[in-house]
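> Below: one structure in structure tokens.
The values are calculated or read from the model by the stated rules, or taken from the named source; none is laboratory data. Since we're looking at a predicted model, the values are computed, not measured. Here the Cβ is made from the backbone with ideal geometry for all residues, glycine too, and neighbour counts use every protein chain on show. All accessible areas refer to the heavy atoms of the entire protein, side chains included, with ligands and DNA or RNA removed. Shrake-Rupley method; radii C 1.70, N 1.55, O 1.52, S 1.80 Å.
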Amino acid sequence: MTSSAAPQSPLLSVEDLKTYFFSPRGVVKAVDGVSFTLNRGEIVGLVGESGCGKSITSLALMRLVPQPAGKIVGGRVMLAGRDLMTLSEEEMRGVRGKRLAMILQDPMVSLDPLFRVGDQIAEAIRYHEPASKKTLRERVVELLRKVKVPSPEVRADDYPFQFSGGMSQRCLIAAGISCRPDVLIADEPTTALDVTIQAQILRLLRDIQEESGTAVILITHDLAVVAQLCHRVLVMYAGRIIEQAGIYDLFENPAHPYAQGLIRSVPVLGRRVPELFTIEGQPPNLMNPPVGCSFAPRCDRKKEICEKQYPNETEIAPGHKVRCWLYG
Amino acid sequence: MTSTRSHLTDEKKALKKAQQRRYPIFAFVLLALFLVTALFGPWFAPHDPNAQDLSKSLRPPFWSENGSTENLLGTDSLGRDYLSRIIYGARVSLLVSVVAICICGSIGVLLGLLSGYFGGWTDTLIMRFTDTWMSIPALVLAIAFVSLLGPGLRNVILVIGITAWTGYARIVRGEVLSLKTLDFVSLARAAGCSEPRILFSHLLPNVVNTIIILVTLDIGRIIIWEAALSFLGLGVQHPTPAWGLMLASGRKFITSAWWLVTFPGVAILMTVLGANLTGNWLRDVLDPKQKLR
Amino acid sequence: MNAAAPLLEVRDLVKHYPVARGGLLFSRVTGHIRAVDGISFRLAEGATLGLVGESGCGKSTTARMILRLEDPTSGQILFDSQDLTRLNKKKLLAYRRNCQVVFQDPFRSLNPRKKVKQIVAEPMRVHGVISRKQVREKVAELLDKVGLAGYHADLYPHEFSGGQRQRITIARALGLEPKIIVLDEPVSALDVSIRAQILNLLMRLQEEFHLTYLIIAHDLAVVEHVSTHVGVMYLGKLVETAPRDELYGQPLHPYTRALLEAVPVADPRVIKKTELSGEVPSALNLPPGCRFHPRCPAAGPACTKDEPPLTEVGPDHFVACHHP
């Protein structure tokens with residue numbers, strides 16, 4: 001794994017992002033004040049369980065939050081000096097795909113079954129970099145070759161149903177990197193894949209990232225995938241980032257009780273225990289949440305203040321921040 | 001605070017907007033009107049609908065020249081009070097729709113359940129039969145049945161019940177096809193549940209919402225059917241007041257006594273509209289929530 | 001898999017699905033999907049057999065055949081020395097008392113129109129084990145065993161989280177006091193922090209109720225944690241079976257080794273070097289000889305011609321490979 005990029009002004013800076021969902025029964029605060037930065041050439045993992053808000057965060061960055069229930073109600077997203085929240089829809093379209101690209105989870109449903117794969121990738125390119133049909137075709141074949149699709153000239157004319165899960169995911173990665181974006185968001189890119197195929201795709205992502213220097217936000221619930229691929233990790237719980245650290249730091253010295261519990265409760269190949277460590281209780285209900293730390297009901301080390309006020313962010317080591325009253 | 005060029009939404013405004021509920025009040029009123037009239041009509045009908053008085057024949061509604069408040073909507077050619085006939089006509093429409101829907105609903109749902117769950121030859125046979133039945137013009141079927149059984153209220157209900165089930169069968173079959181892939185059905189089989197139990201205790205309750213929507217949307221269709229059959233002389237017979245029959249009898253007088261055709265027509269229109277709009281609303285309300293997750 | 005008669009034994013189990021080309025009225029069968037193509041294994045009482053493999057290997061189909069939710073094309077399934085493939089209706093019902101199941105998706109496993117009470121009590125009611133009056137008490141007892149409260153019995157499934165629903169399914173499975181419980185990916189649809197809870201519960205219940213588990217999973221770490229024996233499947237065949245420690249310690253089949261190598265480890269210091277190339281071939285068009293040979297780093301000439309049989313290479317350790 002390459003080392004983190006040298007310190008320079010961050011490529012992407014997210015400040016206090018808030019995305020809520022409004023329904024007759026109340027407000028679901030899916031993303032409730034998320035702040036982080038992304039440097040050039042970095043792979044950052046956004047880790048959390050279902051409902052923690054990681055996918056919505058990525059959709060909010062792309063301004064693709066499902067309407068009409070979902071609305072971004074606060075925050076700034078600075079990309080190359082511009083706040084994406086102040087752009088018009090047309091300007092935003094110029095950003096999506098070109099500066100910020102996204103790969104979604106299930107490759108089998110991300111591709112339109114009615115169109116050839118090559119045409120779909122070409123469409124992604126054409127909007128941002130119009131070119132002749134021939135040029136586009138060459139680029140598509142080149143991209144497919146890059147993502148190690150065998151016989152790319154032939155495969156570009158195939159339809160999605162002719163591709164397996166792993167191959168489809170490669171096509172999506174090809175489409176994602178086609179316009180050389182600054183930031184690539186990969187939302188659970190290997191969750192729907194078999195483990196041997198997952199290993200291939202992870203290797204591919206790592207190779208592509210090293211070669212092109214694209215910054216990547218990898219969204220996943222799988223700590224092992226994060227350990228394999230990322231330079232830095234952001235751990236989310238109930239709509240907020242509760243810990244951020246470099247990859248070695250997080251696994252060696254996890255600070256937040258939730259992060260500790262998560263790391264300890266996952267069965268690890270080769271590490272035998274008589275009983276797995278568990279985090280008691282259930283993930284919280286995000287509709288009309290209570291005050292105080294959202295992890296408090298499940299925490300075995302909670303203090304009185306934990307139920308009254310949400311913890312502020314404390315830096316416990318360079319680059320290692322946590323939101324927990326045990327530390328601040 | 002949102003500036004003029006911002007994608008951000010104001011939190012309070014968004015919450016308020018999400019909490020507005022919209023109900024089709026108009027549709028509810030129409031449907032309620034129909035039900036109340038049909039069920040309680042006899043209590044407030046001003047006259048006996050069958051009482052003839054040739055001296056009062058063909059009186060126009062009360063607001064016209066020659067009209068009187070004694071017969072608010074006028075009278076027909078035999079001097080019978082039209083308002084009372086309209087009111088009693090609603091009863092016929094309600095009776096026919098309820099009973100006919102019970103018959104065709106039962107047939108359709110049962111066939112749909114069997115077809116969807118068992119698949120294979122059962123499915124093929126039932127579906128081919130359904131397709132065949134559907135491809136015969138319903139009117140031809142109705143005429144055939146009526147010539148066999150004779151006209152009249154009871155037979156028209158039977159006829160509609162036997163011809164109108166095909167939609168239920170197909171839609172229920174579709175629902176069952178997707179339901180049976182769900183694990184709780186496999187769990188029921190693994191527990192040793194008998195097939196009738198799986199069909200009626202597991203699958204049927206999950207299809208009920210769809211059936212409710214179908215039924216509500218069908219009320220309109222069936223009322224029109226009854227009216228059409230009665231209009232053609234195949235349904236309800238004189239002197240029973242029924243909207244379709246009243247339309248037929250009024251045809252001759254369409255230019256001279258416009259109210260004879262207009263009021264039954266409007267009654268049918270309002271009832272069918274109310275039922276259909278309510279059905280649409282029900283479908284929007286029930287369907288998304290009933291997705292199993 | 002000791003000398004005593006196993007509780008469950010599978011012999012040359014085969015399941016082929018015909019693939020038909022449709023015509024207007026009649027369709028022609030053009031080929032077969034060989035989902036399970038002749039597997040044999042034994043499950044001893046009190047053991048936990050983990051069946052692992054990737055999509056298309058046939059493990060779920062095997063489980064469904066053992067549960068008699070599907071009929072095998074050929075082969076035998078012996079439970080307590082009775083051949084399940086030849087049971088009449090009554091005996092089949094009696095068998096079902098002994099073999100229950102927990103499925104993967106907690107959101108599809110519970111009938112949304114039934115109360116938890118009805119769901120948990122159903123198998124017992126179907127077999128006449130308890131009367132209506134006894135339902136409340138028995139259900140409360142079972143819910144308690146799986147870590148739920150008594151009042152949960154009167155609620156509907158939609159009020160529960162994924163982990164809780166899985167507990168309800170487990171409670172239901174326990175009601176008949178079965179000998180075997182088949183677990184088809186019991187935790188893969190659950191959140192990471194809940195998985196540990198459910199796995200611990202399953203292990204506790206196994207001890208308390210003397211259960212035998214057949215667990216189907218793709219997560220090798222989960223299988224390692226709960227199993228006593230492991231079987232690895234690939235494209236409808238068993239390529240290796242062994243007691244757990246043997247399999248994880250000395251994997252012999254190249255596919256087993258590739259699988260173990262491919263599993264990402266939650267430790268950034270562990271760097272993966274190689275991964276298995278190629279894709280899983282289509283089940284309609286199987287490679288000749290050993291099914292794994294196109295992707296196998298150790299393939300030799302014999303591998304393209306003959307399918308290797310499952311041979312015993314150590315105590316209870318079977319491998320199907322020409323050069324393990």
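> Using every pair of alpha-carbon atoms in segment A:102-248, split the distances into 5 Å bins beginning at 0 and state the percent of pairs per bin, rounded to integers.
Bin by bin from 0 Å, the calculated values are 2, 9, 19, 22, 20, 13, 7, 5, 2, 0.
> Using Cα positions and a limit of under 30 Å, work out the lysines in reach of B:Lys252, with same-chain residues fewer than 8 apart set aside.
Correct list for B:Lys252: B:Lys56.
> Once you've got the GNM for chain B with C-alpha springs shorter than 10 Å, pick whichever of B:Ala90, B:Ala51, B:Ala32 has the biggest mean-square fluctuation.
B:Ala51
> Also, quick follow-up: Taking every alpha carbon pair in segment C:1-154, what does the distance histogram look like in 5 angstrom bins from 0, in percent?
Histogramming segment C:1-154 at 5 Å steps yields 2, 7, 13, 15, 15, 14, 14, 10, 6, 2, 2, 0 percent.
> Okay, next question. Got the relative contact order for chain A handy, in percent, Cα pairs under 8 Å and 6 or more residues apart? Before the final figure, lay out each step's value.
On the way: 598 pairs, mean separation 67.6, N = 328.
Rounded, it is 21 percent for chain A.
> Roughly how many percent of the accessible protein surface of the protein assembly as shown is carbon and sulfur, given a 1.4 Å probe and a whole-percent answer? Let's see the in-between values first.
Values: 23720 of 42300 Å².
C and S atoms contribute 56 percent here.
> Skip the ligands, DNA and RNA, and give the accessible area per residue of segment C:234-324 with a 1.4 Å probe, whole Å². Mind showing how you got there, number by number?
Values: 4230 Å² over 91 residues.
Result: 46 Å² of accessible area for each residue.
> Give the residue list of chymotrypsin sites (Phe, Trp or Tyr not before Pro) in segment B:3-41 that are DSSP loop and have at most 14 other beta-carbon atoms within 10 angstrom. Numbers along the way, then the final one.
Numbers: sites: B:Phe26, B:Phe28, B:Phe34, B:Phe40; in loops: none.
Filter output for segment B:3-41: empty list.
> What residue among B:Pro60, B:Pro42, B:Pro196 shows peak mean-square fluctuation when chain B is described by a Gaussian network model with Cα springs under 10 Å?
Result for chain B, Cα springs under 10 Å: B:Pro196 fluctuates most.
> How large is the Kirkwood hydrodynamic radius of chain B, in angstrom, based on all distinct alpha carbon pairs?
On the way: mean 1/r = 0.0454 Å⁻¹.
Taking the inverse mean of 1/r over all distinct Cα pairs, chain B comes out at 22.0 Å.
> Could you state the accessible area per residue of chain B in Å², with a 1.4 Å probe and every protein chain left in place? Can you show the working numbers first?
On the way: 14800 Å² over 293 residues.
Per residue, chain B has 51 Å² of solvent-accessible surface.
> Ignoring ligands, DNA and RNA and using a 1.4 Å probe, state the total buried accessible area between C and B in Å², rounded to the nearest 100.
On the way: alone 16740 and 16560 Å², together 31160 Å².
Using a 1.4 Å probe on protein heavy atoms, the buried area is about 2100 Å².
> For segment C:148-291, state the average projected area of the convex hull of the C-alpha atoms over all orientations, rounded to one decimal in nm². Provide the component values of the computation, followed by the final result.
Values: hull surface 47.9 nm².
Hull-based average projected area comes out at 12.0 nm².
> Taking the simple approach of a point 7 Å from Cα along Cα-to-Cβ for both B:Ala32 and A:Leu64, what is their distance in nm?
Calculated label separation equals 4.6 nm.
> Over the whole of B:13-22, what's the average partner chain Cβ count within 10 Å per residue? Rounded to a whole number, please.
Values: counts 3, 9, 8, 1, 3, 10, 5, 1, 1, 0.
For peptide B:13-22, the averaged partner shielding equals 4.
> ³J(HN,Hα) across segment C:41-58 via Karplus (A = 6.51, B = -1.76, C = 1.60, θ = phi - 60°), whole Hz, x for Gly/Pro?
Residue by residue, segment C:41-58 yields 7, 10, 10, 8, 5, x, 8, 10, 9, x, 9, 10, x, 8, 4, x, 7, x Hz.
> Whole-Hz ³J(HN,Hα) for each residue in segment A:28-35, computed from phi via Karplus 6.51 cos²θ - 1.76 cosθ + 1.60 with θ = phi - 60°, x for glycine and proline: what do you get?
Along segment A:28-35, the couplings run 9, 8, 5, 10, 10, x, 9, 9 Hz.
> What residues does segment C:188-236 have that are buried by at least 30 Å² of accessible area in the full protein assembly compared to the chain on its own, 1.4 angstrom probe?
C:Asp191, C:Val192, C:Ser193, C:Ile194, C:Ala196, C:Gln197, C:Asn200, C:Ala221, C:Glu224, C:His225
> For segment B:180-195, state which residues have at least 30 Å² less accessible area in the presence of all protein chains than in their chain by itself, taking the probe as 1.4 Å and leaving out ligands, DNA and RNA.
SASA drop of 30 Å² or more in segment B:180-195: B:Leu182, B:Asp183, B:Phe184, B:Ser186, B:Leu187, B:Arg189, B:Ala190, B:Ala191, B:Gly192.
> Calculate, for C:His32 and C:Lys305, the FRET efficiency according to 1/(1 + (r/R0)^6) with r their C-beta to C-beta distance and R0 25 Å; round to the nearest 0.05. Show your work: numbers first, answer last.
Values: r = 22 Å, r/R0 = 0.86.
The value I calculate is 0.70.
> Follow-up question, since we're still on this one. If you scale each eigenvalue of the Cα gyration tensor by 5 and take the root, what three semi-axes come out for segment C:235-324, rounded to whole angstrom and sorted largest first? Write down the numbers at each step before the final one.
On the way: eigenvalues 105, 68, 24 Å².
Sorted largest first and rounded, they come to 23, 18, 11 Å.
> Once you average over the residues of A:261-274, how many Cβ atoms of partner chains fall within 10 Å of each Cβ?
On the way: counts 3, 5, 3, 1, 8, 8, 13, 8, 15, 9, 6, 5, 1, 3.
Rounded to a whole number, the mean comes out at 6.
> Exceeding 28 Å between C-alpha atoms, which entries from my cross-link table qualify? They are C:Lys115/C:Lys145; A:Lys98/B:Lys16; C:Lys15/C:Lys90; C:Lys90/C:Lys117; C:Lys89/C:Lys237; C:Lys91/C:Lys138. Don't skip to the answer; put the middle values down first.
On the way: C:Lys115/C:Lys145 18 Å; A:Lys98/B:Lys16 36 Å; C:Lys15/C:Lys90 24 Å; C:Lys90/C:Lys117 26 Å; C:Lys89/C:Lys237 30 Å; C:Lys91/C:Lys138 26 Å.
In this structure, A:Lys98/B:Lys16; C:Lys89/C:Lys237 exceed 28 Å between Cα atoms.
> Once the Cβ-Cβ distance between B:Gln237 and B:Ala51 is put in as r, and R0 is 22 Å, what FRET efficiency do you end up with, to the nearest 0.05? Provide the component values of the computation, followed by the final result.
Values: r = 18 Å, r/R0 = 0.83.
Once rounded, the FRET efficiency stands at 0.75.
> Let me ask something else. Which value, in Å², gives the accessible area per residue of segment C:23-171 when a 1.4 Å probe is used on the protein heavy atoms?
On the way: 6800 Å² over 149 residues.
I get 46 Å² per residue for segment C:23-171.
> Angle, helix C:132-145 long axis vs. longest principal axis of chain C, Cα atoms, 0 to 90°, nearest 10?
Roughly 60 degrees between the two axes.
> What accessible surface, in Å², does a 1.4 Å probe find on C:His293, ignoring ligands, DNA and RNA and rounding to the nearest 10?
40
> Right, next: I'd like the per residue volume of the convex hull spanned by the Cα atoms of segment B:154-293, given in cubic angstrom. Can you show the working numbers first?
Details: hull volume 16.0 nm³, N = 140.
Residue-normalised Cα hull volume stands at 114 Å³.
> What are the semi-axes of the equivalent ellipsoid of chain A, taken as the square roots of 5 times the eigenvalues of the Cα gyration tensor, listed largest first and rounded to whole Å? Kindly include the intermediate steps, with their values, before the conclusion.
Values: eigenvalues 245, 103, 70 Å².
Square roots of five times the eigenvalues give 35, 23, 19 Å.
> Next question, about the same structure. Rounded to the nearest 5, what is the percent of antiparallel bridges among the DSSP beta bridges in the protein assembly as shown?
Working: 64 of 101 bridges.
Close to 65 percent.
> Could you pull out the longest piece of chain A with no exposed loop GluC sites (Glu not before Pro) in it, calling a site exposed if DSSP puts it outside H, G, I, E, B and it has at most 11 other Cβ atoms within 10 Å?
A:1-274
> Same structure again: Using a 1.4 Å probe on protein heavy atoms only, how many Å² of accessible area do A and C hide from each other, summed over both chains and rounded to 100? Don't skip to the answer; put the middle values down first.
Details: alone 16140 and 16740 Å², together 29150 Å².
So the buried area, both faces added, is about 3700 Å².
> Using amide H atoms built 1.01 Å from N in the peptide plane, name the residues 5+ places from C:Val101, or on other chains, whose amide H lies under 5 Å from its own.
Close amide H contacts, sequence-distant or interchain: C:Val182.
> Over all alpha-carbon pairs of segment A:230-328, lay out the pair-distance distribution in 5 Å bins, whole %, shortest bin first.
Percent of Cα pairs in each bin: 2, 13, 22, 24, 19, 13, 6, 2, 0.
> Give me the three principal axis extents of segment C:17-93 from the C-alpha atoms, as integers in angstrom, largest value leading.
Cα extents, longest axis first: 52, 35, 17 Å.
> Taking only the alpha-carbon positions of segment A:215-272 and ignoring solvent, what does the Debye formula give for the base-10 log of I(q)/I(0) at q = 0.16, 0.23, 0.25 Å⁻¹?
Cα-only, vacuum Debye calculation for segment A:215-272: -0.48, -1.00, -1.17.
> Now, a different point. Using the Cα atoms as the points, what is the convex hull volume per residue of the protein assembly as shown in Å³?
Working: hull volume 221.1 nm³, N = 945.
Given the Cα convex hull of the protein assembly as shown, per-residue volume reads 234 Å³.
> Can you compute 3J(HN,Hα) from phi for each residue in segment A:85-90, using the Karplus curve 6.51 cos²θ - 1.76 cosθ + 1.60 with θ = phi - 60°, rounded to whole Hz and x for Gly and Pro?
6, 9, 7, 6, 4, 5
> Determine Rg/Rh for segment B:61-120; Rg is computed over alpha-carbon atoms and Rh is the Kirkwood hydrodynamic estimate from the same atoms.
Numbers: Rg = 21.8 Å, Rh = 14.9 Å.
Using Cα coordinates only, the ratio equals 1.46.
> On a C-alpha basis, how far is the centre of segment C:57-87 from the centre of segment C:176-221 in Å? Whole number, if you could?
Cα centres, segment C:57-87 to segment C:176-221: 21 Å.
> When only C-alpha pairs under 8 Å and at least 6 residues apart count, what is the relative contact order of segment C:223-324, in percent? Kindly include the intermediate steps, with their values, before the conclusion.
Numbers: 132 pairs, mean separation 28.9, N = 102.
That works out to 28 percent.
> With every protein chain left in place, what is the accessible area of A:Tyr248 in Å² (1.4 Å probe, nearest 10)?
100
> Please compute, for peptide C:112-120, the average count of beta-carbon atoms on other protein chains lying within 10 Å of each residue's beta-carbon. Each step should come with its number before you reach the end.
Working: counts 8, 12, 5, 0, 0, 0, 1, 3, 0.
Across C:112-120, the average partner-chain Cβ count within 10 Å equals 3.
> While we're on this one: Rank B:Arg91, B:Arg22, B:Arg154 by mean-square fluctuation in a GNM of chain B with C-alpha springs under 10 angstrom and give only the top-ranked residue.
Maximum among the listed residues: B:Arg22.
> While we're on this one: Which net charge results when you count Lys and Arg as +1 and Asp and Glu as -1 among the other residues whose beta-carbon is under 13 Å from that of A:Asp106? Present the calculation step by step, with values, prior to reporting the outcome.
Values: positive: none; negative: A:Asp187, A:Glu188.
Value of the local net charge: -2.
> Could you put B:Trp121, A:Trp325 in order of accessible surface area, largest first, with the 1.4 Å probe and the full protein assembly present? Before the final figure, lay out each step's value.
Details: B:Trp121 190, A:Trp325 30 Å².
Ranking B:Trp121, A:Trp325 by accessible area, largest first, yields B:Trp121, A:Trp325.
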